[in-house]
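Please read the structure below before turning to the comments.
Here, each number is a calculation from the coordinates, and none is a lab measurement. All figures in this text were calculated on a predicted structure; none of them were measured in a lab. Every residue, glycine as well, gets a Cβ built from its backbone with ideal geometry; the counts of neighbours run over all protein chains shown.
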Amino acid sequence: MHEEPALRSWWMPFTHNRHFKAHPRLIERGDGAYYTLADGRRVFDGLSGLWCCPLGHSPATVVEAIRKQAGTLDFSPTFQMGHPGAFRVASSIAKLAGRPDDRVFFTNSGSEAVDTALKIAVAYHRARGEATRTRIIGRERAYHGVGMGGISVGGIPANRKMFAPLMIPGVDHLPHTFDPSKMGYSRGQPEWGAHLADELERLVALHDASNIAAVIVEPMQGSTGVIVPPKGYLARLREICSKHGILLIFDEVITGFGRLGTPFAADFFDVRPDMITFAKAVNNAAVPLGGVLVNESIYDAFMSGPPHLIEFFHGYTYSGHPLAIAAAEATLEQLAPNGDASRGWIGKAAALAPVLEDTIHSLRGEPLVTDIRNLGLAAAIDVTPLPGQAGLQAFKVFEQALDRGLYLRFTGETLALAPPFIATPDEIRTAVETLRQSLRAAASH
Ligand code: PXG
């Protein structure tokens, strides 16, 4: 395959590098809900970048906040020093989550947020004298980033199989909750499947609770293709965790900051986890930022030794980076002015969700389509695989869509849509119509 020489050096993440470099898809600009490609084409950003730009691209107040911050304080050491913005943003995030007493530990990505949360979980039990609580329970098909902790608790086979010897020991996986024979073409949460949470009881019986530190789940599984939790499932997990003293961690890297039309998925499902990991939309992805919301009682367990000693030996050079924080402050003000989600773009996302639901389900019966799912401002369709060529069908649909002015996500046999909150109902209808034409075109080639 001929590779463009100018594209040689960047080994691109999660990309078919050889194919891409022979057939590059370069983005040159972003404004509002649109990207402009290098060949001048404008495409609708049907995935909010990578689920991370709810305000679209280069929103004025975020750009201005970064510009101003860069000229005032570009970097501040955050070990043993601090800058005011990070404290303000931590407090805003805790309040937005309805957990004002929580503490926020900043990271630079979702992967780091997950690894941080796992470390907090194990160290917390140890600090309380329950040092045997070390096992972590993840879930099949989960995506928790690519750190050693994240791939260990994650459940995407391709992300794990090459790295088996590097994974942390003592991890189990709950079954995933997707069964198309029971929940095909569900609108919102499926009725079937709450009982799958009881598998946690089996793992507790097997290992004994005294050996289990935490359960980590994405409340809605995003990356694997929008797997929506069955009604009652998450509440049941919460119940079992509480009964056995196991921490429950929600990985809200995709769902946090409004994707479901509420500040967090925890609000949407009315289930209170002990920790919440976040990243992406927290600052519209303008500068890398992630973090963990930590229940006060967990934080307090660390605050025991002499006060001049470090309580948690963990952190990153860029934890709470001033530019990322400035972008977060401006983003949060747009998503939820003065902390009020209903008056900001989070409220608009809630209002748009039914439009996405109605339009995406109109694709039922189109060629290739085998399932459709949605929740909040996220949706996915599954397509029939091409015999012997896993993943190729969805890629073909993706290419057809891009040619027609729509960017979306393909992964395995799934296509995912997660439009920016600033999209209009008409833009969402157009995106789905484009997807319809793309399915028909891919099916006839
Ligand atoms: N947890 C969850 C739930 C995620 O979705 C991460 C952790 C890792 O975040 P970082 O910032 O380290 O990438 C993620 C990331 C996709 C897609 O289209 C999903 C993610 C990233 C890129 C693409 O499925 N999720």
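What share of the DSSP beta bridges in the range 178-286 is antiparallel, in percent to the nearest 5? Approximately 10 percent, going by the DSSP bridge assignments. Here the range 64-341 is assigned +1 on the Cβ of each Lys and Arg and -1 on the Cβ of each Asp and Glu. Its dipole about the Cα centre then comes out at about 360 debye. Springs between alpha-carbon pairs under 10 angstrom, Gaussian network model over the chain: which of Thr370, Thr331, Thr107 fluctuates most? In this elastic network of the chain, the residue with the biggest mean-square fluctuation among Thr370, Thr331, Thr107 is Thr370.
Give me the Kirkwood hydrodynamic radius of the range 73-155 in Å, from all C-alpha pairs, to one decimal place? Working shown, then result.
On the way: mean 1/r = 0.0673 Å⁻¹.
In the range 73-155 this quantity evaluates to 14.9 Å.
Given the C-alpha centroids of the range 61-113 and the range 239-308, what is the distance between them in whole angstrom? Result: 15 Å between the Cα centres.
Report the local net charge at Ala97: Lys and Arg +1, Asp and Glu -1, summed over other residues whose C-beta lies under 11 Å from its C-beta. Show your work: numbers first, answer last.
Details: positive: Lys95, Arg99, Arg272; negative: Asp101, Asp102, Glu252, Asp267.
In short, -1.
Counting other beta carbons within 10 Å of each residue's own, what order do Arg373, Arg103 fall into, fewest first? Intermediate results must be reported in sequence, preceding the final value.
On the way: Arg373 29, Arg103 19.
By the 10 Å Cβ count, ascending: Arg103, Arg373.
Of all the options Pro84, Pro263, Pro229, the one that moves most in a Gaussian network model of the chain with Cα springs shorter than 10 angstrom is Pro84. Assuming a ≥ b ≥ c are the square roots of the Cα gyration tensor eigenvalues, decide whether the range 334-383 counts as rounded (a/c under 1.5), prolate (otherwise, with a/b larger than b/c) or oblate. The shape class here is prolate. For Gly222, neighbours were defined as the other residues whose beta-carbon sits under 13 Å from its Cβ, and their charges (Lys and Arg +1, Asp and Glu -1) total +3.
Straight-line reach from Lys161: taking Cα to Cα under 14 Å and skipping same-chain neighbours fewer than 8 places apart, the aspartates and glutamates in range are Glu140. Each of Met167, Asn338, Gln221 was placed along the dipole of the range 64-341 (beta-carbon charges, centred on the mean Cα), and the one lying farthest toward the positive end is Met167.
Determine the relative contact order of the chain: mean sequence separation of Cα pairs under 8 Å and six or more apart, normalised by residue count, in whole percent. It comes to 20 percent, rounded to a whole number. Working note: 222 nm ellipticity from helices only, DSSP H runs with n ≥ 4, each -39,500 (n - 2.57), summed and divided by the residues of the chain, gives -11000 deg cm²/dmol to the nearest 500.
Kindly provide the pair-distance distribution of the range 206-254 built from C-alpha pairs, with 5 Å bins from 0 and whole-percent values in order of increasing distance. The calculated distribution, bin by bin, is 5, 20, 26, 22, 15, 10, 2. DSSP assigns beta bridges within the chain; of those with both partners inside it, close to 65 percent run antiparallel. Take the Cα of Trp192, step 7 Å toward its Cβ, do the same at Arg364, and the gap between the two points is 1.5 nm. When the alpha carbon gyration tensor of the range 64-341 is reduced to an equivalent ellipsoid, the three semi-axes, largest first, read 30, 23, 17 Å.
In a GNM of the chain with a 10 Å cut-off on Cα contacts, which of Arg25, Arg41, Arg126 has the highest mean-square fluctuation? Comparing Arg25, Arg41, Arg126 in the GNM, the peak value goes to Arg25.
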